[in-house]
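Undergrad: The following block contains the structure, expressed as C-alpha cells.
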Amino acid sequence: MAVLLEVRGLEVSFPGRGLPVTPLRGASLEVGRGEIVGLVGESGAGKTLTALAVLGLVPSPGRIAGGSIRLDGRELLGLDEESLRRIRGGEIGLIFQEPASALNPVLPIGRQLTETVRAHGVAEWGAARSRALELLRLVAFAEPERRFDAHAHELSGGERQRVMIALALAGGPRLLLADEPTAALDLSRQAEILDLLRDLRDRLDLGVVLISHDLAVIEETCDRVVVLYRGEVVESAPAADLFDRPAHPYTRALVAVMRAAVERPRSRSPLPVVPGQPPSATQRTNGCAFHPRCGERLARCEQEPPPWIAYPAGGVRCHARLPRSGAES
Ligand SMILES: Nc1ncnc2c1ncn2[C@@H]1O[C@H](COP(=O)(O)OP(=O)(O)OP(=O)(O)O)[C@@H](O)[C@H]1O
Ligand code: SF4
Ligand SMILES: [Mg+2]
C-alpha cells in the first residue's frame, strides 16, 4: 500500500513557567492510501494536537520543535502559510465533533457547499452547483436537490456531519482527518457516519485518520490503530491484531476494560478508564511514562526509556516486550 502521510518524530512544545511543556514527544505514524488509521489515547494524549500539526495549525504559542510530516513524500514542515492554506482543504480535509457550530446557520447548505467548491477553483456557478450536488450524493444524500436549500437546523445531527464531510471533500483531498466525528451522535447516526467513512475510503482511495475515544468505533472501522500515551506512540498494529493480541500493557488494559464492559448495555462506550492517572504534560520521567500505572513494570522501567520494538506490521514501545526481558522480572 502506497504511503500517503508519514509523520516521524513529531515534537510539539509550548513555553512553560520554567522548561517548555512538550505534549508531543516524538510521535510517528503512517497512513496509506485507502487506509483508515485509528488514533486512540486518553484525554490529553496529544491526538488533536497531532492532527493540528499535520494541518500546520498548532495553536500559538505552541510550535513544532522537531520531526517531519510528509504527504505523498513532500515535506510539509517549513512550508509558508500560503502553501499550507492550499494544502488544508485541498489535499487534506478536516472534520470534527461539532458540525452544528461549524455550519453557517443562515446560508442554505447547498449554497455553502457551492461557495466552498468555488473557493477551490471552480469559478463558474453552474459547474460549482453541479459539483456541490455530486458531493452531497457522495456523502449519501439520496436526493440532493431536495436538501440543497435546507438550513443546518433543519437537518439531523448525522446529516449535518455528512454535510461537513462533503465540505471537507470539496477540494478533492487525498487525506481526511476526522477528530471525534461521531462523539455527538446517537448510535444509529454514528453507524451511518462510520459506514460512510469506509465507503469513501473504498470509492475515493482516501486515507483517513480517525480519532476516537470509543474503542468499539475504532475496532469496527479502522484498518490499523496507533495508541498514543503522553505524546508518544506506544503501540501500532493492524486493528485485528491490536484487539486480539494487544502488546503494550496500556493497550492491554484498555482492551481488557473494554471487553469487560461489553456485557453491560452500551449506549456509548467512552475510552475505558485504566486505573491511575496519566502524568501531566509538565511531569518528566527518564523512563517509561506509563510505569506508575503498569502491572508489568520491570526494574529498569523507571530510569530507561523503553525502546521501540518493530514488528512486521507495526511495533510496541516497552521493556517487557524485549525478547530477553523475562530473565529480569
Ligand atoms: N493551546 C495549548 N496551550 C498549552 N498546552 C496545550 C494547548 N493545546 C494542547 N496543549 C497540551 O497538549 C496536550 C494534548 O492535547 P490534545 O488536545 O492533543 O489532547 P487530546 O488527545 O486530543 O485529548 P482529548 O481526548 O481530550 O481531545 C494537552 O494535555 C495540553 O497539555
Ligand atoms: S516499559 Fe515497563 S513500565 Fe512501561 S509499559 Fe513496558 S513494562 Fe510497563
Ligand atoms: Mg482532542
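Undergrad: Residue by residue through segment 8-18, note down the ones that are open to solvent by 60 Å² or more (accessible area, probe 1.4 Å) and either part of a strand (DSSP E or B) or in contact (Cβ under 8 Å) with a residue 40 or more places away in the chain (or both).
TA: ARG8, GLU11, PRO15
Undergrad: Can you give me the number of residues within segment 218-238 that are more than 16 Å from ligand 2 (Cβ to nearest atom) and either more than 24 Å from ALA53 (Cα to Cα) or open to solvent by 10 Å² or more (accessible area, probe 1.4 Å) (or both)?
TA: 6
Undergrad: While we're looking at this one, here's another question. Filter segment 173-185 down to residues that are within 12 Å of GLN161 (Cα to Cα) and open to solvent by 30 Å² or more (accessible area, probe 1.4 Å) and give me whichever is nearest to ligand 3 (Cβ to nearest atom).
TA: The extreme case among them is ALA183.
Undergrad: I would also like to ask the following. What are the pairs, 6+ residues apart or on separate chains, where a residue within segment 82-107 that is farther than 17 Å from ARG162 by Cβ and touching a residue at least 60 places away in the same chain (Cβ under 8 Å) has its Cβ under 6 Å from a residue that is open to solvent by less than 20 Å² (accessible area, probe 1.4 Å) and not hydrophobic (A, V, I, L, M, F, W, C)?
TA: GLU91/PRO173; ILE92/PRO173
Undergrad: Quick check on my filter: what residues within segment 74-102 are at positive phi and either of a type in the set (S, T, N, Q) or open to solvent by 50 Å² or more (accessible area, probe 1.4 Å) (or both)?
TA: Matches in segment 74-102: GLY78 only.
Undergrad: Please note which helices (runs of 4 or more DSSP H) are completely contained in segment 69-159 and include at least 3 residues that are more than 30 Å from MET1 (Cβ to Cβ) and charged (D, E, K, R).
TA: So the answer is 109-119, 144-147.
The values are calculated or read from the model by the stated rules, or taken from the named source; none is laboratory data. Quick caveat: nothing in here was measured; it's all calculated off a predicted structure. Quick reminder, even Gly has a Cβ in these numbers, built from the backbone with ideal geometry, and neighbours come from all protein chains shown. Just the protein is used for accessible areas: all its heavy atoms, side chains included, with ligands, DNA and RNA removed. Shrake-Rupley method; radii C 1.70, N 1.55, O 1.52, S 1.80 Å.
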